[in-house]
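What follows is a single structure, written as structure tokens, with notes after it.
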Amino acid sequence: MAETYSLEQFTKENLFKSLSNKYCDEEEMARNDRAIFLFGYLTAIGAKTFVVEYDYTDGDYLEDFTSYYARCFKDYRRRCKRLHFFGKDFDEARFKAFITKPPDELFDELSESYLGFVVARPLPSAVVGRTILKTYPSDSSRRQYTVIRSYDANLFGVPLTIESLAFQEQDTVLAACATVALWSAFQKTSSLFIGTPSPRPAEITRIANGVTAASRAIPSHGLDVRQMVHAIRSMRLEPELIWARPEVPLVSAAYGYLQMGLPVILGIQIEGRGLHALTLTGYSLKKTQVNQQEVASGESSIRMVGLRIDEFYAHDDQIGPFARIKVKPSAQTYPVEFEGEWKDEQTGKILRLYPDFLLVPVYNKIRVTFIDVARYLALLKGLLSVMSLMPDEYEWDLRLTMTNNLKSKIKEENFPPNDLERILLSQQPRFIWRATLRFYGKPFLELFTDATDMERSFPICEQVWYDNEFKETFKARLKDPHLATMAIEGLGKRFYDFLIK
Amino acid sequence: MPIPDEKRSNSGTDVNDATQNSKFSLTLRDTEAITEGEFRSTMQEVAKQIAKLEEGQVITEELLKKVISV
């Protein structure tokens, strides 16, 4: 019987050898940025041993193969290798027992140490195919990987599970970076919104090119924003597109959608290179402020939770999965800037990444946007700053959530008891923008906005005050004729009526 | 290996949980002390800020035509 697998100790040499193929040898793999990144990443998450599964049929690659590679003159293989990583040292005998014997202590030990897999495609470049790897630990909830889902892998009959988001590098034949960013995003939306599809890269490129194809679809050298938007609509989702204008609190906007587990595609200008797309999968939220502001210098914005985010995690098909994107302050043109692992090939200098847009595939019933709600928060902040001695240490935490998640969450928090019961026992919209106003880290007020409504109908549906005495006095003063007229003029009648209710 | 739910926090508010047991309150100013001029100028500043913020939602041909190709 031909060899069907090999067992390898996790070392750089063994990894590069196992990823290599007849078109891309070990030496070339050792210079491949994705392979180098994977070695570092797997080392950090504790890889000790890996199993190479030969002749693995990968659905994504198979579609690429039948769409393109099978029709090339060169004899590309249709099967891949799949490398399974474990956080334990084990030998051949233990592995055989793991595969062949009924579940026991060893089975549990190895299953629990499973770190995920990398599909190695038999191609001259773009070797890193579908990759599903465990995330870094949460570091006391600082790291939040919200855009992950459950994946099943089967290794010679052993079912293994991993929480992650699929990654792969572009082959610039059937998929460039925009296609790959969409592919990762649809992996998550298909699990979040049951019934929405998760097509393979070749299919995404074909769908996207259903509109305004300026050049040939395949080989693909990229998509324009309109084509990305079209691909999202074709998945029965709606594209939420936010232009990274200097005045938009971009970090908080991305966070607002990521909190619900929605993938956020970030379009970035790479210094001296061009426009690139990556999929944000999470963020690092610090306990205290790390950025002075998240809009361009000279612009102003309400203070939001984005000031505590020091980095995002992104699937960057030219770097690797869960790659760090550090948030940096910006001068005039951009709300913020980013720094990742992009380097100048000649000098090794880290390149600046300038945000261009955020693109979020949302369910069609999510109609009210982050910016729609942020305007009400700005109005209320204005009112509070006139009516009270408001400290500078405040923060609006605006994030999208689903009713059931919200109800579970508020039960775990120190939510005002009367409001807790009222909200738990009442019907709420399926999607809600939850805005929490905090002073010195302590919650003061919550506003819930019906995300399924429309901005013009005044969609804020709940207000919850943590200080009942303040609430009563505030409402009484707001009714004072001296203030009422000005407040109605400044806030609008509907917002005013809601606040005094 | 699945990350147990209790370890996989999906809420950005978790880091604040420890601080939620104590309460903070704002001090309200006397209504009479708030002048019309002060109120109007504050809300006008807010309106300007909102107008700029909303530009982030204005999608133009220029944006749609951008090619992502790196």
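Readers should treat all values here as calculations from the given coordinates under stated rules, not as data from a laboratory. Just so you know, these numbers come straight off a predicted model, no measurement behind them. FYI the Cβ positions are ideal-geometry reconstructions off the backbone, even for glycines, and counts take in every protein chain you see.
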Peptide A:143-150, shielding by other chains (average Cβ, 10 Å cutoff): 3
³J(HN,Hα), Karplus 6.51/-1.76/1.60, whole Hz, each residue of segment A:400-409, x for Gly, Pro: 7, 8, 9, 3, 5, 5, 4, 5, 5, 5
Translational diffusion coefficient (Stokes-Einstein; Kirkwood radius from C-alpha pairs) of the protein assembly as shown at 37 °C, 0.692 mPa s, in µm²/s: 130
DSSP-loop trypsin sites (Lys or Arg not before Pro) across segment A:98-155, with at most 12 other Cβ within 10 angstrom: none
For segment A:252-399, diffusion coefficient by Stokes-Einstein and Kirkwood Rh (Cα), 20 °C, 1.002 mPa s, µm²/s: 130
Cα-based convex hull, segment A:1-160, per residue volume (Å³, whole number): 134
Relative packing of A:246-252, B:48-54, A:36-42, which averages over residues the other C-beta atoms within 10 Å, highest first: A:246-252, A:36-42, B:48-54
Cα-Cα over 28 Å, subset of A:Lys475/B:Lys48; A:Lys48/A:Lys409; A:Lys81/A:Lys343: A:Lys48/A:Lys409; A:Lys81/A:Lys343
Qualifying trypsin sites (Lys or Arg not before Pro) for segment A:206-306 [loop in DSSP, other Cβ within 10 Å: at most 16]: A:Arg216, A:Arg236, A:Arg273, A:Lys286, A:Lys287
MRE, 222 nm, helices only [DSSP H, n ≥ 4, -39500 (n - 2.57), over the protein assembly as shown, to nearest 500]: -9500 deg cm²/dmol
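Please give me, ordered by residue number, the trypsin sites (Lys or Arg not before Pro) of segment A:1-55 that lie in loop per DSSP and have at most 13 other Cβ atoms within 10 Å.
On the way: sites: A:Lys12, A:Lys17, A:Lys22, A:Arg31, A:Arg34, A:Lys48; in loops: A:Lys22, A:Lys48.
Sites meeting the loop and neighbour criteria: A:Lys22.
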Kirkwood Rh and Cα Rg combined as Rg/Rh, segment A:118-231: 1.02
